[in-house]
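Chemist: The following block contains the structure, expressed as structure tokens.
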Amino acid sequence: MKKDILKATAVAISLLSLTACSDNEEINGSTTEPKSYTYDLSLNVGDSKSQGSTRSLELDGNNNVVSGWKDKDKMFAYNLSDKEQSAESAYSMIDIKSYKGHSAVFTGKIKSVNPVKAGDKFVLFYPGTALENNYTVEQVDPETFHEVDKKNDIDLTYHVSEKDGKKVNIKRTVSLNMKEQDGLLKTIDKKFDYNWTVATVTKAPKVNNEVELNGDLERKVSLWGMKFKDANGAPITDIYKVRVSGIRSYDVLDMSNGSFVGTDDEKEYTVDASITDKKAIASQGGYVWLAFLADNKETEFTITVYTPNKLYTKTAKRVMNEGTDFRTSITVDAIKPEPYVTVNNVKWATGNFIHYKKGSQEYWGIAPAQWWISNYADAPKVDNSLGSTQIKYDPNNLGSQFWYIGTSMGKYTQTNEDFDLFRWGDIAYMMNFSKKLGYAGFTNTDIKGNYYYNRIAPGLNYTTDRSKAWYGDFVLYHTNDGKHNYRYAYPSLKELESLTKSKTFIPGFCYTDKGNKVYGAYISDYPYPGAAAKFPTGKKLWKYQDVTGLVLANKGLFLPITGYREDGSSTTVYRYVGQGSEFYSVYQCSWGSVTSTTPGLKFGSQSSAKMGPTQRQAASPIRPVLVDDNVKGKPVDAANFTPFNHIIRADARLY
């Protein structure tokens, strides 16, 4: 760890040759009071005994991170003494003019609502390039917005920005977004190496007189260089992605005092590094470098390393301090497919129950990944139309969660080649979507592990003969056919209900093998860093956390948002998550209370994570539980289905 290199140090800053002019308006021939004052600004950044007074990042001969000013370096500035009254839409940018060693001069123009005077405080922030086009730094309103909808149980607090459709003038707060990186120090330098100071004007400015500012530049981020080796000690070099879950990657900075003020509903804790330049990684000594916001405490993290033929993972803890850099050689374990993931002492399947057909190959059973839903990464086809109404989609957001008609109505037709929604207790008519009364009509009955040959009077129609089963536990029916390695069943009411008491139940998303996102709920026995966002989320997808790495590491359950299929119809609704639409899922259990409904686990945009009724005749999702406790070492069934082998193999999980 090299905190002496990256530690922020005292800098001497001056505003030289300050020439003030005002922006005035004429109204009916008379001049109004100035809207703002513009100053030519020259900023001297002085030398220091430490190398930390310079900003651009490079490696020395020992692969330690050192800094040096470069051409095109930028900072931005803001007068805190404007007291949030500025009408400017962008901060004042100052550019590097000259540099030598660890000293540099920046010049530019800065606008202030009022004339600059002694005692005014200026924020200075590097790198200014991070602000351009809202790349990683974005203006946000310092006052949080409290979104309350008591009818739909929504209670959210967050900072508003342009992503919420509100124009925000420059103020003291900015959001810092470090979620997507490329593993290179040169990119961190220009987009993520956040340095900040508040400098005080010590003398009132006069034309051609020097105005002095004094402040300490402080690095707000920590840097982490990582090399990887497998369990046999062999280096892993064919990496195309590194994902770290558990380190803070999104927050809101109050530049008036350097504190982080993001709410629990908006902080995020995953960094993705997509490796596109392997030669540049090699020139860094083979280290993949990430920037993140450290919490100055012991932090648990999960690393996922992606290679073309295998995925690797590692979960560990270490103390993460702000403003430090460290390098680590990490031994990671290959991820192997598991038939279950444990939450609340229940062995849950690692995917929803699905039906999928490709050509002559047909599959009934557990999906190849927890995020799998029907048409998860497709563009809609003619078969998905509603009569003559073509389904629309956003080419930038593929998959059935983004299919819609009109402006924001998420209806489409589900086909029986690829479906993930089922009527309660239906075995005989699963492929007949138009069948009325195609569900078990039992009352006060638990169908887990049981078969029936009629949809009513379960006591009279119970059978142990699988060949006579028309209703009952269709999960066991299809996985107990002698062709599956593992048997699964409906979850009981108690098992499903236990998920509502989990340590972690948060809105999340997973990346698929196609690179798009599937949204849903992440549920785990392990705590999530911070006090994460909760359900209901409102109609805002940016509240969903990236849980891909945790799901791949089998740390928790991921239940995709699926909506449901309407009664006696192939029409699927409430799956569409875009354009402010309402969306949710209700997952089934095995208990049938009254004739037409059964309890289910519901969550979504306007639904908190709680038990609620689901209509039996409306097809809804199901996440099975493992029946066989003594089966070990056999490949998971999805790995034996060739069309899934780009996602899962007997010896490796790839997505």
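Chemist: Please count, across the range 390-476, the pairs of lysine residues with Cα atoms under 25 Å apart that sit 8 or more places apart or on different chains.
Modeler: 8
Chemist: Quick one: net charge of residue 385's neighbours, Cβ under 13 Å, K/R +1, D/E -1? Intermediate values should be presented prior to the final figure.
Modeler: Values: positive: 381, 392, 411; negative: 383.
Here the count lands on +2.
Chemist: May I pose another question? Of the accessible area of the range 409-561, with the probe set at 1.4 angstrom, what percent is carbon plus sulfur?
Modeler: Carbon plus sulfur share of accessible area: 49 percent.
Chemist: Which value in deg cm²/dmol, rounded to the nearest 500, describes the helix-derived mean residue ellipticity at 222 nm for the chain, given -39,500 (n - 2.57) per DSSP H run of n ≥ 4 and division by the residue count?
Modeler: That calculation yields -1000 deg cm²/dmol at 222 nm.
Chemist: Another one. Pop a pseudo-label 7 angstrom from the Cα along the beta-carbon direction at both residue 256 and residue 90 and give the gap in nm to one decimal.
Modeler: It works out to 2.6 nm between the two label points.
Chemist: Right, another one. Report the calculated FRET efficiency for residue 342 and residue 595 (r = Cβ-Cβ distance, R0 = 56 Å), to the nearest 0.05. Present the calculation step by step, with values, prior to reporting the outcome.
Modeler: Working: r = 34 Å, r/R0 = 0.61.
Efficiency, from the Cβ-Cβ distance: 0.95.
Chemist: For Cα pairs less than 8 Å apart in space and 6+ apart in sequence, what is the mean separation divided by the residue count of the chain, i.e. the relative contact order in percent? Walk me through the numbers on the way to the answer.
Modeler: Details: 1774 pairs, mean separation 77.8, N = 655.
With pairs under 8 Å counted, the relative contact order is 12 percent.
Chemist: Over the range 239-365, what relative contact order in percent results from Cα pairs under 8 Å that are six or more residues apart?
Modeler: It rounds to 21 percent for the range 239-365.
Chemist: Among rounded, prolate and oblate, which fits the range 527-649 when a ≥ b ≥ c are the square roots of the eigenvalues of its C-alpha gyration tensor, a/c under 1.5 means rounded, and a/b larger than b/c means prolate?
Modeler: It is oblate, given that a/c is not under 1.5 and a/b is not larger than b/c.
Chemist: Continuing with this model, one more query. May I ask you to compute the full-extension gain from residue 202 to residue 381, defined as 0.36 nm times their residue separation minus their alpha-carbon distance, rounded to one decimal in nm?
Modeler: Full extension of this stretch gives 57.7 nm more.
Chemist: Using heavy-atom solvent-accessible surface (probe 1.4 Å) with all chains present, what is the largest-first order of 455, 423? Mind showing how you got there, number by number?
Modeler: On the way: 455 45, 423 10 Å².
Descending order: 455, 423.
Chemist: Could you order 541, 176 so the one with the most accessible surface comes first? Probe is 1.4 Å.
Modeler: 541, 176
Chemist: Another question, if that's okay. Which order do the peptides 185-193, 352-360 come out in when sorted by mean C-beta neighbours inside 10 angstrom, highest first?
Modeler: Per-residue Cβ counts within 10 Å, averaged per peptide and sorted highest first, yield 185-193, 352-360.
Chemist: Taking a 1.4 Å probe, which of 141, 251 shows the most accessible area, and what order do the others take after it?
Modeler: The ranking, largest first, comes out as 141, 251.
Chemist: In Å², and per residue, what accessible area does the chain have when probed at 1.4 Å with the other protein chains present?
Modeler: 40 Å²
The values are calculated or read from the model by the stated rules, or taken from the named source; none is laboratory data. No experiment lies behind these values; they were computed from the predicted model shown. Heads up, the Cβs are rebuilt from the backbone with ideal geometry, glycines too, and the neighbour counts pull from every protein chain shown. Accessible surface is based on the protein model in full, side chains and every heavy atom, while ligands, DNA and RNA are left aside. Shrake-Rupley method; radii C 1.70, N 1.55, O 1.52, S 1.80 Å.
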